[in-house]
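**Q** Encoded as structure tokens, here's the structure I'll be asking about.
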Amino acid sequence: MRRIIVIGGGISGLSALHRLLEIRSERELPIEVSLLEAGDRVGGVISTVYKDGFVIERGPDSFLTSKPELIGLCKRIGLGDDIIPTNAAHRRTFVVRDGSLLPVPEGFMLLAPTEFLPFLTSSVFSWPGKLRILMDLLLPRKRGSGDESLASFVRRRFGSEALDRVAQPMISGIYAADPERLSVSLTMPRFIQMEERFGSVIRGMLAEKRLSKKGKREGESGARYGLIVSLRRGMQSLVDALLLRIPEGTISLNRRVESVTQAGGGWAVSTVDGVSYKADAVIIAAPSYAASKLAGGIDPSLSKDLGEIEYASTAVVNLAFDREDIRHRLDGFGFVVPAAEGRAIIACSFTSVKFSERAPEGKALFRCFIGGALNPGAYSMDDDSMLSTVLAELDSLLGVRSEPLFSLICRHPASMPQYAVGHLDRFAQIRNTLSNYPTLRLAGNAYSGIGTPDCVRSGEGAAEEVVKSLFS
């Protein structure tokens, strides 16, 4: 019998645990598995609240179908029929400019246009800014290799206005990051490949649009909304469905791990309350700063590399209103806010528009995002100040004429890893060091993707690797 311990009960750890149980059943392997979670619940940032007919997400509210791991997991655990798309109506995003909400031009795919008439007639960019963006069609491709920041890439191909007015707020909405430090090779490799192949990002996007049947659909802009889905009863459904398939006694809550050390060809895992476990393999599915502390007794270089991954903190503010008290038409999925606007809100999602059955008839539900790498001071506000600030900005931008029916603030401290330039090399070094410890693996959003599907891929991949190391 081989014992495998998973440390951390977020979605990465749960995915690793579930995959280990699947492998045990599929291959009839002699495996004993357990998961140790420091807190009093599992699921990590995934948490759904049900209140007065509202479905309220405290953490992530959706995921991409273009990353198949989570779709596959949902189907295996009986959630295939619960996957819901975004509403077909109003598939667009707004961006704030000079205090007003302007629609991102139809066909504008994050960095550049794929349809020229909506782009040329849009008020999001000035005419000099539009001409500079179109210069991408004429500029030569980059000489030499090597990573660069997203800000550097966008300025080089499209100019400063494209960065400040659309790219920065869109990227902040996804990564809560500073584009001056964010690695374009890791976060937007598709655009690097387009430049290399076509000599122009716009030409590459146009070619992709022509060839791909999964390209942009009519009425979409900014993100590929046809690829964004959620679960009918919220993302908590994923955690609940996994727990139904995990045997009782497999998960131990309130078990904060203090150290992991090598012991007799295996591992010794000790908790802060003095409980010690022996294991043949260990998967650390905790944030990299926590993994760094645990790796200190294993390999100093591994601990150092893990400790150098930086994080940003964000808060999600959910607010419910009577629809008649909102002046804006809410004919989109939400808005993003450039840092140049000097506001506290990074972005706001119109949850009741984006997905069906998220709010009762005649009600509106918003998710506002605060903090991130560019505005840590906003995250530091107390709850009362944060709420009053968000309400004032919603009134200014959307014409909110009443107090909310209710509000819910959820803080996520040090939750968003920052994929800075050089992260690819650091992660390669981490993987190289781990090759010396085949029964020790890492999982989580700190390494090669921040989304829920990335976490599932990371956890399942770690499970398969440790099983292979034990039984090959």
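**Q** Roughly how compact is the chain, stated as its Cα Rg over 2.2 N^0.38 Å to two decimals? Don't skip to the end; give the middle numbers.
**A** Details: Rg = 22.9 Å, N = 472, 2.2 N^0.38 = 22.8 Å.
Output field value: 1.00.
**Q** Show me the three semi-axes of the equivalent ellipsoid for region 106-217, from the C-alpha gyration tensor (sqrt of 5 times each eigenvalue), largest first, rounded to whole Å. Mind dumping the intermediate values first?
**A** Working: eigenvalues 74, 60, 43 Å².
Semi-axes (√(5λ), whole Å): 19, 17, 15.
**Q** Here's something else I'd like to know. Could you grab the relative contact order for region 26-141? Cα pairs under 8 Å, six or more apart, rounded to a whole percent. Numbers along the way, then the final one.
**A** Numbers: 65 pairs, mean separation 11.4, N = 116.
So the answer I get is 10 percent.
**Q** Hey, another quick one. Roughly what would the spin-label model give for ARG233 and ARG27, points 7 Å off Cα along C-beta, in nm?
**A** For ARG233 paired with ARG27, the spin-label model returns 3.3 nm.
**Q** Give, in nm to one decimal, the length gained when the segment between THR261 and HIS328 is fully stretched (0.36 nm per residue of separation minus the Cα-Cα distance).
**A** Details: separation 67, 0.36 × 67 = 24.12 nm, distance 5.76 nm.
Working it through step by step, the gained length comes to 18.4 nm.
**Q** Treat every Asp and Glu Cβ in the chain as -1 and every Lys and Arg Cβ as +1, leave all other atoms uncharged, and give the resulting dipole magnitude about the Cα centre to the nearest 20 debye. Mind showing how you got there, number by number?
**A** Working: 57 positive and 54 negative charges, 294 e Å.
Dipole about the Cα centre, nearest 20: 1420 debye.
**Q** A further question on this structure: Grab the beta carbon distance between LEU131 and GLU308, set R0 = 45 Å, and tell me the FRET efficiency rounded to 0.05.
**A** Efficiency computed from Cβ-Cβ geometry: 0.65.
**Q** Any chance you could list the semi-axes, whole Å, largest first, of the equivalent ellipsoid that the Cα gyration tensor gives for region 297-376, using √(5λ)?
**A** Values: eigenvalues 275, 51, 17 Å².
Semi-axes (√(5λ), whole Å): 37, 16, 9.
**Q** Ok, one more. Nearest 500 deg cm²/dmol is fine: what mean residue ellipticity at 222 nm does the chain get from its DSSP H runs of n ≥ 4 alone, each adding -39,500 (n - 2.57), divided by its residue count? Can you show the working numbers first?
**A** Working: 17 runs with 162 residues, N = 472.
After summing the helix terms and dividing by the residues of the chain, the value is -10000 deg cm²/dmol.
**Q** Further question: Could you tell me the number of lysine pairs in region 106-217 with C-alpha atoms less than 24 Å from each other, where the two lysines are 8 or more residues apart or belong to different chains?
**A** Working: LYS130/LYS142; LYS130/LYS209; LYS130/LYS216; LYS142/LYS209.
Within region 106-217, the lysine pair count is 4.
**Q** Right, here's the next one. What is the dipole size for region 106-217, taken about its Cα centre, with +1 at each Lys and Arg Cβ and -1 at each Asp and Glu Cβ, in debye to the nearest 20? Working shown, then result.
**A** Working: 19 positive and 12 negative charges, 97 e Å.
About 460 debye.
**Q** Still on this structure, please answer the following. Aspartates and glutamates within cross-link reach of LYS278: Cα-Cα under 17 Å, excluding same-chain residues under 8 positions apart?
**A** GLU32, GLU37, GLU258
**Q** Sorting check: for 86-97, 170-181, which peptide has the highest mean count of neighbouring beta carbons within 10 Å, and how do the rest follow? Let's see the in-between values first.
**A** On the way: 86-97: 19.6, 170-181: 21.8.
The packing order, highest mean first, is 170-181, 86-97.
**Q** Measure out, as a whole number of angstrom, how far apart the alpha-carbon centroids of region 132-185 and region 271-285 sit.
**A** 43 Å
**Q** In nm, to one decimal, how far is the PHE116 label point from the VAL272 one, both placed 7 Å along Cα→Cβ?
**A** 6.1 nm
**Q** If I stretch the segment between ARG190 and ASP98 completely, what's the gain in nm (0.36 nm per residue apart, minus their alpha carbon distance), one decimal?
**A** On the way: separation 92, 0.36 × 92 = 33.12 nm, distance 3.11 nm.
Extra length from ARG190 to ASP98 when fully extended: 30.0 nm.
**Q** Cβ under 10 Å from ASP61's Cβ, ASP61 left aside: what net charge do those residues give with Lys, Arg +1 and Asp, Glu -1?
**A** Details: positive: ARG58, LYS354, ARG358, ARG367; negative: GLU57.
Residues close to ASP61 contribute a combined charge of +3.
**Q** Note down the net charge around ASP299, summing +1 for each Lys or Arg and -1 for each Asp or Glu among other residues with Cβ under 14 Å from its Cβ. Before the final figure, lay out the partial values.
**A** On the way: positive: LYS293, LYS304, ARG431, ARG441; negative: ASP305.
Within the 14 Å Cβ shell, the charges total +3.
Bear in mind these aren't lab numbers, they're just calculated from the coordinates by the rules spelled out. Since we're looking at a predicted model, the values are computed, not measured. With ideal geometry, Cβ positions are generated from the backbone for all residues, glycine too; neighbour counts draw on all protein chains shown.
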